[in-house]
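Accompanying notes for the structure given below.
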Amino acid sequence: MSSRLLDIVIKSLPKILIPGLKYTIPLTLVSFALGLLIAIIVAVTRVMKIKVLSWFFRFYVWVFRGTPMLVQLFIIFYGLPKIGLNIPRIPSAIIAFSLNVGAYASETIRGSVLAVSKSQTEGAIACGLTLWQSIVYIVLPQAIKNCVPALFNTFISLVKDTSLAANITIEEMFMATQRIVAVTYEPLVLYIEVAFIYLLFSTALSYLQKFAEGRLTYRTRKADAQ
Amino acid sequence: MIKLQGLYKSFGGKTILNGIDLEVSKGETVAVIGPSGAGKSTALRCINLLEKPDKGRLTIGEDSYDFEKITPKDILKIRQSTAMVFQNFSLYENKTALQNITLPLIKAKKYSKEKAIESALENLKAVGLLDRKDYYPSQLSGGQQQRVGIARALALKPEVILFDEPTSALDPEKVKDVLEIIKRISRERITSVIVTHELEFAMDVADKVVFLADGLVVEEGSPREVLKNPKDPRTLRFLGHFADKLEYVI
Ligand SMILES: Nc1ncnc2c1ncn2[C@@H]1O[C@H](COP(=O)(O)OP(=O)(O)OP(=O)(O)O)[C@@H](O)[C@H]1O
Ligand SMILES: [Mg+2]
């Protein structure tokens, strides 16, 4: 690598990393947290087959899983102002991302809730817990624990998908990189550099996943039991 | 006291329970026996509404309910005044032995945390598992899990404990421990209904034995009457040589 290239790579690093810390990471964390909340509500509503709401959520999942996220982002940010709904770019991105996470993760959680054995609910309601209590204290914790790996897939996808926010004028890492490329004409090294930073963020999440899985596993060791 | 009158239940058009009457006085232990598929579990699960009966009346203590007009509030009340010990234990997998007992005490009976823990420890001690209080179900043997299940039921201080074949999922050597605990419960005059295949155990602990077949109570009475001198041919056939063997046991 020539010293000019090395110089560009080093000088651009903070220029890419700072938008990463400012936009990519907060967008990812906030959207994922909201998305997870939406997913839990949707999953439970659908498992409990609550009328109307259940139907509505099915429609929501169908739409958000079946259309490109970029198109959703454009509809929210560029389309909705036409009917007087002006949503600033950051909230627009958060809405699109969290609704997307919500749609995907709700299916993951729903499957996982259905997989928790019926005897767990029966054990709870037979002791006088309400159905809701048994879902909140018994079924959901087990269901979510069982789908941690799948949820982290969605989480890691989201880190990468935040690059789409560049399309609605949010200066996240990818857009910052594009700007630098425009003045340095070094697309190869710079795009590899930003790819490397995404990889770094995703890898950090993989470690978080390992940690979360470890924390959530109620010891399964059979030893000591007589 | 609990009383079932004219209990009917069908699954998908197939009648399983065809008008069951069952009375359990306070402090009494009633054993329900019968061939596989007779509807014993279904009848027991109708008492706490894990299955929704088609027709019939249920009386628990002062309260009486018509199954056809039962409300969600009634159902909750019935479940809070009964407890069940399951064949497959049904312990909460995400909770320790101690938490398995405290959770329903705190959430359903509205105990304070301290009081719940105190009661849980007391009942774990009664089943000999104080040293396993922080173990998760997956770390306990079947027999230990069932003892936690029994401790959980006892802690609820219900009007009646419903046992559905509490030992049939256990290794033979663990069966004795669990039966011993149930026997003690019975001696403490805690009202119980026990569905069981352990006929000698029924003979030993039950105040009354009920024989269920084809969705009906075919025979009921003292253990001696039903197990030693069965009158109905179906009971005779089910008991096989058991009645003769009993001569030597007792
Ligand atoms: N949820 C259900 N849906 C359909 N049929 C059912 C259901 N539960 C039970 N049955 C049927 O009802 C009948 C009685 O079942 P039940 O489990 O009450 O029998 P049991 O007397 O407890 O038998 P066992 O001694 O084998 O436990 C069986 O024929 C069974 O197939
Ligand atoms: Mg049964």
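We did not get these values from a lab; they are worked out from the coordinates using the rules stated. Model, not experiment: these values are computed from the prediction. Ideal geometry is used to build each Cβ from the backbone, glycine not excepted, and the neighbour counts take in all protein chains shown.
Taking only pairs six or more apart or across chains, which ones have beta-carbon atoms under 8 Å, a first residue in region B:39-66 that is within 12 Å of chain A (Cβ to nearest Cβ) and within 16 Å of ligand 1 (Cβ to nearest atom), and a second residue that is assigned to a helix (DSSP H, G or I) and among the polar types (S, T, N, Q)?
As it stands, the answer is B:E51/B:T42, since those pairs meet every condition given.
Any residue in region A:61-70 that is of a type in the set (G, A, S) and loosely packed, with under 13 Cβ neighbours inside 10 Å?
Checked region A:61-70: at least one residue is of a type in the set (G, A, S) and loosely packed, with under 13 Cβ neighbours inside 10 Å.
Mind listing whichever residues of region B:185-200 are part of a helix (DSSP H, G or I) and not basic (K, R)?
Those that are part of a helix (DSSP H, G or I) and not basic (K, R): B:I185, B:S186, B:L199, B:E200.
Does at least one position in region B:142-161 carry a residue that is surrounded by fewer than 22 Cβ atoms within 10 Å (Cβ to Cβ), in contact (Cβ under 8 Å) with a residue 40 or more places away in the chain, in a helix (DSSP H, G or I) and away from ligand 1 (no atom under 16 Å from the Cβ)?
yes
Restricting attention to region B:121-150, report how many residues are under 20 Å from the mean Cα position of the chain (by Cα) and more than 12 Å from chain A (Cβ to nearest Cβ).
The first filter runs over region B:121-150 and keeps only residues under 20 Å from the mean Cα position of the chain (by Cα), leaving B:123-124, B:126-127, B:142-150.
Next, only the ones that are more than 12 Å from chain A (Cβ to nearest Cβ) stay: B:123-124, B:126-127, B:146, B:150.
Counting residues in region B:121-150 that are under 20 Å from the mean Cα position of the chain (by Cα) and more than 12 Å from chain A (Cβ to nearest Cβ) gives 6.
Pairs under 9 Å by beta carbon, first residue within 14 Å of another protein chain (Cβ to nearest Cβ) in region B:162-176, partner within 11 Å of ligand 2 (Cβ to nearest atom) and among the small types (G, A, S), six or more apart or different chains?
Pairs that qualify, where the first residue is within 14 Å of another protein chain (Cβ to nearest Cβ) and the partner is within 11 Å of ligand 2 (Cβ to nearest atom) and among the small types (G, A, S), are B:D164/B:S41; B:E165/B:S41.
So, B:G13, is that one at positive phi and in contact with a strand residue (DSSP E or B) (Cβ under 9 Å, 6 or more places away or on another chain) or not?
No, not satisfied.
For region A:125-226, which helices (runs of 4 or more DSSP H) that fit wholly inside it have 2 or more residues that are away from chain B (no Cβ under 14 Å)? Let's see the steps before the verdict.
Numbers: elements: A:131-134, A:140-146, A:148-161, A:173-184, A:187-216.
By residue number, A:148-161, A:173-184, A:187-216.
Could you grab me the full set of residues in region B:15-43 that are within 16 Å of ligand 2 (Cβ to nearest atom) and in a strand (DSSP E or B)? Spell out the reasoning first.
The first filter runs over region B:15-43 and keeps only residues within 16 Å of ligand 2 (Cβ to nearest atom), leaving B:16-17, B:20, B:22, B:30-43.
If the condition is that a residue be within 16 Å of ligand 2 (Cβ to nearest atom) and in a strand (DSSP E or B), then B:I16, B:L17, B:I20, B:L22, B:V30, B:A31, B:V32, B:I33 are the ones that fit.
For residues that are within 16 Å of ligand 1 (Cβ to nearest atom) and either on the phi > 0 side of the Ramachandran plot or surrounded by fewer than 23 Cβ atoms within 10 Å (Cβ to Cβ) (or both), tally how many sit in region B:73-85.
Summing the residues that are within 16 Å of ligand 1 (Cβ to nearest atom) and either on the phi > 0 side of the Ramachandran plot or surrounded by fewer than 23 Cβ atoms within 10 Å (Cβ to Cβ) (or both) in region B:73-85 gives 0.
Failed condition for B:E180, given (1) more than 13 Å from the chain's Cα centre (by Cα); (2) farther than 14 Å from B:V127 by Cβ; (3) not small (G, A, S), with all others met?
Every condition holds for B:E180 apart from (2).
Which one of these does A:Y185 not meet: (1) crowded, with 20+ Cβ neighbours inside 10 Å; (2) on the phi > 0 side of the Ramachandran plot?
(1)
Please tell me if B:S81 is within 22 Å of B:A206 (Cα to Cα) and away from ligand 2 (no atom under 16 Å from the Cβ).
Here the answer is yes, as B:S81 does meet what is asked.
Going by the conditions given, is A:S54 free of Cβ contacts under 8 Å to residues at least 40 places away in the same chain and either surrounded by 17 or more Cβ atoms within 10 Å (Cβ to Cβ) or under 20 Å from A:V139 (Cβ atoms) (or both)? Give the steps one after another, and end with the answer.
Working: free of Cβ contacts under 8 Å to residues at least 40 places away in the same chain: yes; either surrounded by 17 or more Cβ atoms within 10 Å (Cβ to Cβ) or under 20 Å from A:V139 (Cβ atoms) (or both): yes.
Yes, satisfied.
Go through region B:162-184 and count every residue that is within 23 Å of B:D207 (Cα to Cα) and in a helix (DSSP H, G or I).
Here the count works out to 10.
From the list B:I106, B:I117, B:I75, pick out the single residue that is at the interface with another protein chain (Cβ under 10 Å from one of its Cβ atoms) and free of Cβ contacts under 8 Å to residues at least 24 places away in the same chain.
B:I106
Go over the candidates B:N100, B:N94, B:N88 one by one and state the one that is more than 20 Å from the chain's Cα centre (by Cα) and surrounded by 15 or more Cβ atoms within 10 Å (Cβ to Cβ).
After applying the criteria, what remains is B:N94.
Please give the number of the condition A:T67 fails out of (1) free of Cβ contacts under 8 Å to residues at least 12 places away in the same chain; (2) within 14 Å of A:I95 (Cα to Cα).
Going through the list (1) free of Cβ contacts under 8 Å to residues at least 12 places away in the same chain; (2) within 14 Å of A:I95 (Cα to Cα), A:T67 breaks only (2).
What number goes with the only condition from (1) within 10 Å of chain B (Cβ to nearest Cβ); (2) touching a Phe, Trp or Tyr at 6+ places or on another chain (Cβ under 6 Å) that A:A103 does not pass?
So A:A103 meets the others, but not (1).
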